[in-house]
Amino acid sequence: MGRTFSVRDTVTPNNTPYAIARYSADELKEALKKMYLIRKFEEGAEDSYMRGLIHGTMHLSIGQEASAVGSCMSLSDEDKITSTHRGHGHCVAKGADLSRMFAEFFGKESGYCKGRGGSMHIADPSKGNLGANGIVGGGLPIAVGAALSAKRLGTGAVTVCFFGDGANNEGAFHEALNMAKVWNLPVVFVCENNKYGMSTSTERSTAVKNIADRAVAYAMPGVTVDGNDFSAVAEAVDAAVERARKGEGPSLVENVTYRWRGHSKSDRNRYRTKEEIAEWQSRDPIAAMAKLLTDHKIASEDEIAGIEADATRIIEEAIAFATEGANPKIEEVTRDVYTQEIAS
Amino acid sequence: MHTKTDLRELSYAEAIREAMDIAMAQDERVILMGEDIGVYGGAFGVTGDLIEKYGMDRVMDTPISELGGAGVAVGAAMTGLRPIFEFQFSDFATLGMEQIVNQAAKIRYMLGGAVSVPVVMRFPSGSGTGAAAQHSQSLEAWTAHVPGLKVVQPATPADAKGLLLAALEDPDPVMIYEHKILYKMKGHVPEGHYTTPIGKAAVMREGKDLTIVATAIMVHKALDAAETLATEGIDAEVIDLRTIRPMDRDTVLASVRKTGRLVCVYEAVKTLGVGAEVSAMVAESDAFDYLDAPIIRLGGAECPIPYNPELEKAVVPQVPDILEAARNLAKGRI
Ligand SMILES: Cc1ncc(C[n+]2csc(CCOP(=O)(O)OP(=O)(O)O)c2C)c(N)n1
Ligand SMILES: [Mg+2]
């Protein structure tokens, strides 16, 4: 699948997967927990929607958990991410508080955006998450800007820019990659290629076979990996993050994955087959991660059940927190349009 | 919102689809372009199953490329096709603004009249769906500010069909702002081909005490308010502007001369918008002498559209806001 990065020294000779060689047992268990949290956040969100507790729409990332978590493994809170409309997973991966996420989803003052933003705008700047985005491709130049800041200010921070396969056909994608390279900025472009932008397959919308092939046009490394394989994702993105940190400039990583649910709540799935969905469901990234941990004796099955139970409890508590939260005050609706209020 | 009759009814979305269907059947040059308008049927189901009838070559799913897509439509319109380009949400037209404002609007003029750009663009707009700040805007005043474009905002299913067919007959670029909340609204729609004239407002309800000039979904809120006002002895005239460029001066001014009071209500942010233009039109004309009270504009609050449903409602004019303004005006309180 495409070009690959040079394999790092941390990979042991006896075929141990990258993640096992690179990360401690605690780090790996924490990663699995985040994957469960994402899955259960999405299920909780879907259930709340079905029960009429929230309005609007939502874009669920069930099936894409390895891509979100694997891509954030070597990031600290100083490092930035930009996210997308399908951003709940990125948010969790970057360490967000599930309660404040749910509160935002419920439109409450206690939510991350104080009820102003909703599902498509959840952000947590305190953890380096510059936000989901309602505009396809909107985050790409912003990520380049964050990388420019890091370089000029000498913070050493790296920005990981998440975007979908659909976004790679926006001008913003091409302009962003070009500038990132021209200015040699510490940014990693992570394309989550789930094969469709809404109903339109990459075959019908994109001139190249792999999105990573576009890296050639911007003279940066590009690699395509199995986005449902946590270790493969972490290996590719970690290497790109390291390059960025060393001042070697931007990279493009393409995580090939799949969204199990429809694009949003109005999707009738008329553009793909049941068989295709079932085939991808059989490649569940969470089951694969759990197997990785048991196979390498990182965690027992009981421990894994415990991690899952923990995630379930956290989500239940988050929903309770969100339900109890107060609505924003109507009198304050124009607050925060500007930093310093102006008379209008 | 409407009275039940034997007349054929369609939803606003169905009426638009019927217009596209009629146009495509009559004229091979008409093609549809947009994101997910094929098998998906459009984000709001407007194109529906037209792909089954006309195929992928005439119902074209574009990549997610608003600037490029709009520009392809402009180029095709200059050279023999009649594209109808759908922005999935009007908000995403901001990405295509270059081709709309610098190209489509000006090409004919810059070329000294040597070519026309008969492109039609559709913009699903407005709030009320819980989709927050980047999916709920009413930016029609942006394009209405640009000479070379024509800008319409149908409020009824019949006008949605008639204005689209008129737009296709027009040799110049026509921007159609469709309020998303109206897509499901039903109303009588005549069969077959007909056009609603671009540049003509419609008097939806006659009245003598005050004039309410409204656009899009606000037309229905104004009509609701007028019913209540009638029970209080206030006789409101409701005008559906329908086109905001070119604006129907005559209809608005005649009404103001008759009533002497004007409320202008629209969903877009209140300042620097349609209401300012309507007010200035009155202020600059003889109708000004007929005013018995200051003009009132009711528009969106000075903020993006928030997500929380209560906040979302609070930032755009609602029926009680229209009632309050009308009562104050009619009772000479301001
Ligand atoms: C500029 C812009 N165009 C269109 C849309 C509507 N839209 C939202 S998500 C989406 C599909 C995006 O596909 P992709 O980038 O592959 O991300 P995915 O949904 O598959 O995660 C579309 C067309 C939008 N939000 N912004
Ligand atoms: Mg996609």
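The values are calculated or read from the model by the stated rules, or taken from the named source; none is laboratory data. Keep in mind it's a predicted model, so treat the numbers as computed, not measured. Please note: Cβ atoms are built from the backbone with ideal geometry, for glycine as well, and neighbour counts cover all protein chains shown. Accessible surface is based on the protein model in full, side chains and every heavy atom, while ligands, DNA and RNA are left aside. Shrake-Rupley method; radii C 1.70, N 1.55, O 1.52, S 1.80 Å.
In debye, nearest 20: dipole of segment B:9-188 around its Cα centre with unit charges on the Cβ of K, R (+) and D, E (-)?
320
Using 0.36 nm per residue, how much length does the chain from B:ASN102 to B:ARG249 gain when fully extended, once their Cα-Cα distance is taken away?
Working it through step by step, the gained length comes to 50.2 nm.
Measuring with a 1.4 Å probe in the full set of protein chains, what accessible area per residue, in whole Å², belongs to segment B:154-280?
33
Please name the residues of segment B:132-171 whose accessible area, counted over protein heavy atoms with a 1.4 angstrom probe, falls by no less than 30 Å² between the chain alone and the full protein assembly.
B:GLN134, B:HIS135
Mind checking the per residue accessible area of chain A for me, 1.4 Å probe, whole number of Å²?
Per residue, chain A has 41 Å² of solvent-accessible surface.
For A:LYS151, list the aspartates and glutamates whose Cα falls under 16 Å from its own Cα; do not include residues on the same chain fewer than 8 positions away.
Of all the aspartates and glutamates, those that pass the test against A:LYS151 - Cα under 16 Å, at least 8 places apart if same chain - are A:GLU78, A:ASP79, A:GLU242, A:GLU248.
What average number of partner chain Cβ atoms lie no more than 10 Å from the Cβ of the residues making up B:308-319?
That average works out to 5.
Show that you can apply the helix-only estimate: for the protein assembly as shown, add -39,500 (n - 2.57) for every DSSP H stretch of four or more residues, divide by all residues, and state [θ] at 222 nm to the nearest 500.
Theoretical 222 nm ellipticity from helices: -11000 deg cm²/dmol.
Provide the percentage of antiparallel DSSP beta bridges, counting only those with both residues in segment A:13-323; round to the nearest 5.
Antiparallel bridges make up about 10 percent of those DSSP assigns within segment A:13-323.
Tell me the relative contact order for chain B as a rounded percent, counting alpha carbon contacts under 8 Å between residues six or more apart.
The value is 16 percent.
Normalising by the residue count of segment B:139-198, find the relative contact order in percent from Cα pairs under 8 Å and 6+ residues apart.
42
For segment B:1-74, count all C-alpha to C-alpha pairs, find those more than 17 Å apart, and express that count as a whole percent of the total.
Value for segment B:1-74 (Cα pairs over 17 Å): 49 percent.
Could you work out the mean count of beta carbons from other protein chains within 10 Å of each residue's beta carbon in A:293-304?
Other-chain Cβ atoms within 10 Å of each residue's Cβ, averaged: 0.
Could you name the lysines in cross-link range of A:LYS297, using Cα to Cα under 28 Å and dropping any fewer than eight places away on the same chain?
Output for A:LYS297: A:LYS29, A:LYS33, A:LYS34, A:LYS40, A:LYS94.
Buried by at least 10 Å² relative to the chain on its own: which residues of segment A:153-194 qualify, computing accessible area with a 1.4 Å probe on protein heavy atoms?
Residues losing area: A:GLY166, A:ASN169, A:GLU170.
Using only the alpha carbon atoms of the protein assembly as shown, find the Kirkwood hydrodynamic radius as the inverse mean reciprocal pair distance, in angstroms to one decimal.
Hydrodynamic radius (Kirkwood, Cα only) of the protein assembly as shown equals 26.8 Å.
Mind grabbing the interface size between A and B? I mean buried accessible area, both sides, 1.4 Å probe, in Å² to the nearest hundred.
Accessible area lost upon association: around 3000 Å².
Do you know which residues of segment A:77-121 lose at least 40 square angstrom of accessible area in the protein assembly compared with their chain on its own, with a 1.4 angstrom probe?
When all protein chains are present, A:ARG116, A:MET120, A:HIS121 each give up 40 Å² or more of accessible surface.
Take the Cα pairs of segment A:13-323, get the Kirkwood Rh, then feed it into Stokes-Einstein at 10 °C and 1.306 mPa s and tell me D in µm²/s.
82
Taking the DSSP beta bridges in chain B as the whole, what percent of them are antiparallel, to the nearest 5?
For chain B, the DSSP antiparallel bridge percentage is about 20.
Could you name the lysines whose alpha carbon sits less than 22 Å from that of B:LYS150, not counting residues in the same chain fewer than 8 places away?
Within the straight-line limit of under 22 Å, B:LYS150 reaches these lysines: B:LYS106, B:LYS161, B:LYS180, B:LYS200, B:LYS270.
Given R₀ = 60 Å, what would the calculated FRET efficiency be for A:GLU248 paired with B:GLU206, taking r from the Cβ atoms and rounding to 0.05?
Given R0 = 60 Å and the Cβ-Cβ separation, E is 0.25.
Quick one: check the C-alpha center-to-center distance for segment A:293-318 versus segment A:220-239, whole angstrom.
24
Could you sort A:238-250, A:58-70 so that the peptide with the highest average Cβ count within 10 Å comes first and the rest follow in order?
In descending order of packing, they fall as A:58-70, A:238-250.
Tell me, in nm to one decimal, what length is gained between A:ALA207 and A:ILE330 on full extension, where the rule is 0.36 nm per residue of separation less the Cα-Cα distance?
Full extension of this stretch gives 39.5 nm more.
Based on the inverse mean of 1/r over its pairs of different Cα atoms, what is the Kirkwood hydrodynamic radius of chain B, in Å?
20.2
Under a crude label model (7 Å from the Cα following the beta-carbon direction), how far is A:ASN184 from B:SER116 in nanometres?
For the pair A:ASN184/B:SER116, the computed spacing is 5.6 nm.
Please list log₁₀ I(q)/I(0) at q = 0.10, 0.11, 0.17, 0.20 Å⁻¹ for segment B:202-330, using the Debye equation with identical point scatterers on the alpha-carbon positions.
The calculated log intensity ratios at q = 0.10, 0.11, 0.17, 0.20 Å⁻¹ are -0.28, -0.34, -0.80, -1.10.
May I ask you to give the percent of accessible area on the protein assembly as shown that is carbon plus sulfur, with a probe radius of 1.4 Å?
Carbon-and-sulfur percentage of accessible area, whole number: 53.
Please report the antiparallel percentage of the DSSP beta bridges confined to segment B:202-330, to the nearest 5.
If I count the DSSP bridges inside segment B:202-330, around 20 percent turn out antiparallel.
Can you order the peptides A:30-38, A:300-308 by their average number of other Cβ atoms within 10 Å per residue, highest first?
Peptide ranking by packing, descending: A:30-38, A:300-308.
Other chains near B:42-50: what is the mean number of their Cβ atoms within 10 Å of each residue's Cβ?
Taking the mean over all residues of the peptide, I get 1.
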